[in-house]
Amino acid sequence: MRPLIAGNWKMNGLGGSLAEIASIGRWIANNRPAADILVCPPFTLIARAAAVAPDHLRIGGQDCHAEPSGAFTGDVSAEMLNDAGAVAVIIGHSERRHFHGETDEIVAAKARAAWRAGLLAIVCVGEKEDQHDSGQARNVVRAQIEASLPQGANPANTALAYEPVWAIGSGRTPSADEIVSMHGSIRAQLEERLGAGGALLRILYGGSVKPANAPTVLSQANVGGVLVGGASLRAEEFAGIIRAAADASSHDSRFAV
Ligand code: PGA
């Protein structure tokens, strides 16, 4: 599988930011990196972003409701994202879990909704700072995966994003050894739960990924891509991360599939 480089714009971006999407699209068209590239802007920009993005730049949503339609004021379904031109959706981001009280059960229902609508579900997990500091990270992440990743997940319909909450937007990242250890433990769990598909399902790292640290992050074992917040907002910075992914994959047989 090619690495997946996904940008999460969060609640940033008005119409003018479509220029950044067009610009990253042009860069990808010129450089043809060996990576799958996705940008997830706010709902209001999805249809317009899908219209300006070239084929090799995919557009995704940042959340969806579990139901396909109904009396859920303010919500957007996975089917609506698909209708607007999205091919993927981020599910269970720590900001959704924290600010919107999303439980593992809600996250699992949303992942199933994404599959129902034909979208790639990017399911997020990650420990908080106190859990990290008290040595509970592995157990916390294990329990989150157990409860929020439904059976039926496979490399074509799901990517799992490991995002330590304390690394998001903080400029701090785990050491390369910590990433290798956590991603290795997630891989073992995925193989245990999903069999052969678990060996190939992409495990993304997220949390303060920048052009400067992307080469290190992306060359670690079992890192199948990155989920990028702040550094995905500007085409030039995002391109720096994509370039690192293409370099990492060019001398790594894991990505030769
Ligand atoms: P960041 O955000 O890259 O700005 O740390 C990552 C995320 O929240 O997905």
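The table that follows gives values for the structure above.
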{"item": "Positive dipole terminus of segment 174-215, leading residue within 198, 182, 209 (C-beta point charges)", "result": "209"}
{"item": "Gain upon complete extension [residue 234, residue 29; 0.36 nm per residue less C-alpha separation]", "result": "72.1 nm"}
{"item": "Dipole in debye (nearest 20) - the chain, about Cα centre, beta carbon charges: Lys, Arg +1; Asp, Glu -1", "result": "520"}
{"item": "Chain lengthening between residue 178 and residue 134 when straightened (0.36 nm per residue, less Cα-Cα)", "result": "14.4 nm"}
{"item": "Distance-filtered residues of segment 93-109 - backbone nitrogen under 17 Å, label point 7 angstrom along residue 170 Cα→Cβ", "result": "94-99"}
{"item": "Residues residue 210 and residue 19, FRET efficiency given R0 of 25 Å [Cβ-Cβ distance, rounded to 0.05]", "result": "0.70"}
{"item": "Anchor residue 10: lysines whose Cα lies under 17 Å away (excluding residues fewer than 8 positions away in-chain)", "result": "210"}
{"item": "Expected 222 nm ellipticity per residue - DSSP helices of 4 or more, -39500 (n - 2.57), all of the chain, to 500", "result": "-13000 deg cm²/dmol"}
{"item": "Placed amide H near residue 126: partners under 5 Å, 5+ positions off or other chain", "result": "163"}
{"item": "Likely footprinting exposure, 93, 100, 183, fewest C-beta neighbours within 10 Å first", "result": "100, 183, 93"}
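Coordinate-derived values only; no laboratory data. What you see is a predicted model, and the numbers here were worked out from it, not measured in a lab. Counting neighbours? That spans all protein chains shown, and the Cβs are built from the backbone with ideal geometry, glycine included.
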